[in-house]
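Chemist: Dumping the structure here so I can ask a few things about it.
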Amino acid sequence: MIWIILIVILFYFVARPAWRVYKAYRDPQKAMEDFLRRNGFTTAADSASGEAPRREKGRKGGWSAPAPRRKKIDPASGDYARFTELPADPSAPSATTTETSIEIESQTIDVTWEELPPSGN
């Protein structure tokens, strides 16, 4: 009699929650596989069974890479522009000797504070 009670307790506290966890994991996974199968994508179960989806059946080579795009500007057109370094202009102000002045302003106060009397607790 005690063994039957222990089996019932084991089922109620171990096997039943484990089954619920398994179902909570498996149900969304099955729903996603069904959705993918209905819309023509390959699922892991289909790949294992060798079943090909609708989209791949329509193409002989399966999915192919996108066609390469041609360039908008022909590389042969245009002229080569030679670059020459210009000498520094001595009359222009130097960027390294720039002085910066900082003007410190007084703090603006827009609220006046008043002390509260201490509470008599």
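Read-outs: derived from the displayed coordinates by stated rules, not from any lab. This structure is a prediction, so every number in the text was calculated from the model and none was measured. Cβ atoms come from the backbone with ideal geometry, glycine included; neighbour counts cover every protein chain shown.
Chemist: I want to check the label-to-label distance for Met1 and Thr108. Put each point 7 Å from Cα in the C-beta direction and report it in nm to one decimal.
Modeler: 8.9 nm
Chemist: So, in nm, how far is label Ser119 from label Ala81 when the simple model puts each one 7 Å beyond its Cα toward the Cβ?
Modeler: 7.4 nm
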